[in-house]
Amino acid sequence: MMDTPRPAPADFPKRDDRLTTILLVARLSTENWDDLCRIRNVSSGGMRLETRAALVTGERVGIDLKNGNAVAGVVVWTDRFEVGVQFDQPVDIVALLAPTAQSPRSLRLSARCPVVLRLDGHIVPGLLQNISQGGTRVVLAPPARLNDGVVVVIPGLKSQRASVRWVAPGTVGLAFSETVAFAELSHWLAQQHRFSATSSAPLSPNRQSS
């Protein structure tokens with residue numbers, strides 16, 4: 001049963017000269033779930049996150065950033081679509097948020113959803129295996145060529161123009177022409193479309209929008 005939401009304590013994060021207010025998208029993971037989240041602010045001791053994941057106080061979580069850094073902690077309060085996470089150990093904010101010399105990595109979220117690709121004038125069925133704001137991995141029987149332009153039709157999302165970035169036996173990696181907005185993708189992740197390809201996949205425990 002889901003926890004009764006607990007508003008943020010007045011002292012969370014505790015007063016800290018290093019408290020930093022940001023709007024940084026990250027990947028939130030629990031023992032058996034992953035989701036998109038947005039970091040609202042962070043201090044050396046914790047984070048305030050925006051997420052649709054139905055977390056409960058005391059639950060352990062991990063947060064992965066696009067720069068490759070990660071931090072772990074425990075949920076100490078929940079309030080509608082926001083949660084407070086207390087880190088296991090104090091962190092160096094500057095190091096945690098430091099940009100990387102390499103391109104930011106994609107925050108891919110697990111999924112198992114039937115999709116349709118429009119490819120070379122043909123309609124090709126596929127199976128979406130993961131998704132990020134910038135692209136997706138799709139199981140595809142017919143071969144696709146590197147740099148092919150396609151349109152991906154994903155149930156519950158608007159059609160996405162994309163290009164083939166890599167090809168492996170039976171699988172392709174697609175890069176969307178336009179980034180999917182945080183609000184749009186986080187809403188989709190909370191729907192049953194995400195794992196609609198198999199009855200054995202876990203159903204989302206996420207909150208539905210009001």
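Please treat every number below as a calculation from the coordinates, not as lab data. All figures in this text were calculated on a predicted structure; none of them were measured in a lab.
Between residue 165 and residue 145, the contour length at 0.36 nm per residue exceeds the Cα-Cα span by 6.3 nm. In the range 43-175, inverting the average of 1/r over every pair of distinct C-alpha atoms gives 17.2 Å as the Kirkwood radius.
Shape summary of the range 107-158, radius of gyration then Dmax from alpha carbon positions: 10.7, 31 Å.
Annotation: Cα Rg of the range 17-107 relative to the compact-globule expectation 2.2 N^0.38 Å equals 1.00.
With all projection directions averaged, the alpha carbon convex hull of the range 135-192 covers 4.1 nm².
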